[in-house]
Amino acid sequence: MSRKVAPLLVFGWGNPSRGDDALGPLLVEQLADRAQAQLPAGRLECLTDFQLQVEHALDLVGRERVLFVDAAIGLQTPFAVSTVLPAPVAGFTTHALAPEALLQVYRDLERTEPPPCTLLAIRAHRFELGEAPGERALADLALALAWAMEWARLPEEISA
């Protein structure tokens with residue numbers, strides 16, 4: 001039996017036990033709560049994990065659009081948005097892929113182009129084990145969440 005796939009996927013990753021690294025999963029949790037109340041049922045699926053892995057390429061199948069969310073150091077603004085395109089990435093492991101490498105895995109497996117993908121990077125400062133996200137990071141998270149809600153509401157041609 002196959003289930004209907006939500007057209008939109010939001011995938012956040014990071015370690016909730018490492019300070020601001022929790023921003024990706026936190027945004028996804030908060031977006032899921034808001035989406036349940038404000039978006040049509042079945043429009044959006046939200047996933048989280050500690051890192052991107054090759055298996056996640058299968059989560060992209062059947063999607064209209066995908067939003068990747070992660071914490072990022074070195075940003076001058078609260079968050080940054082960029083288009084993600086497939087690209088092979090050399091490495092020694094199949095774990096901890098970059099979004100570009102994940103899209104390449106999708107392209108190789110499915111023999112077609114992946115759905116349009118966007119990366120939402122949220123400014124982060126602290127990654128100490130056992131710490132909660134900092135106040136500045138949480139303020140930036142709130143701004144990124146507002147942007148993500150608009151992304152989820154808009155048709156593809158407007159939000160891309």
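The values are calculated or read from the model by the stated rules, or taken from the named source; none is laboratory data. As the structure is a computational prediction, the values presented were derived from the model and not from experiment. As a convention, Cβ positions derive from the backbone with ideal geometry for all residues, glycine included, and neighbour counts pool all protein chains shown. Each accessible area value is taken on the protein alone, full model and side chains, heavy atoms only, with ligands, DNA and RNA left out. Shrake-Rupley method; radii C 1.70, N 1.55, O 1.52, S 1.80 Å.
Remarks
- Residues located in the stretch 1-49, provided they are of a type in the set (S, T, N, Q) and either open to solvent by 70 Å² or more (accessible area, probe 1.4 Å) or touching a His at 6+ places or on another chain (Cβ under 6 Å) (or both): S2, Q36, Q38, T48
- Unmet requirement for H125, which otherwise passes all of (1) in contact with an Asp or Glu (Cβ under 7 Å, 6 or more places away or on another chain); (2) under 23 Å from D140 (Cα atoms); (3) buried (at least 17 other Cβ atoms within 10 Å of the Cβ): (3)
- Screening Q53 on (1) free of Cβ contacts under 8 Å to residues at least 60 places away in the same chain; (2) polar (S, T, N, Q); (3) open to solvent by 60 Å² or more (accessible area, probe 1.4 Å) shows it passes everything except condition (3).
- The single condition among (1) within 21 Å of M149 (Cβ to Cβ); (2) in contact with a Leu (Cβ under 9 Å, 6 or more places away or on another chain); (3) open to solvent by 30 Å² or more (accessible area, probe 1.4 Å) that V66 does not meet is (3).
- Taking the criterion of being open to solvent by 70 Å² or more (accessible area, probe 1.4 Å) and either touching a His at 6+ places or on another chain (Cβ under 8 Å) or not polar (S, T, N, Q) (or both), the residues of the stretch 82-122 that qualify are L85, P88, V89, A90, F92, H95, R107, D108, L109, E110, R111, E113.
- From G12, G19, G24, residue being modelled with pLDDT under 95 and not hydrophobic (A, V, I, L, M, F, W, C): G19
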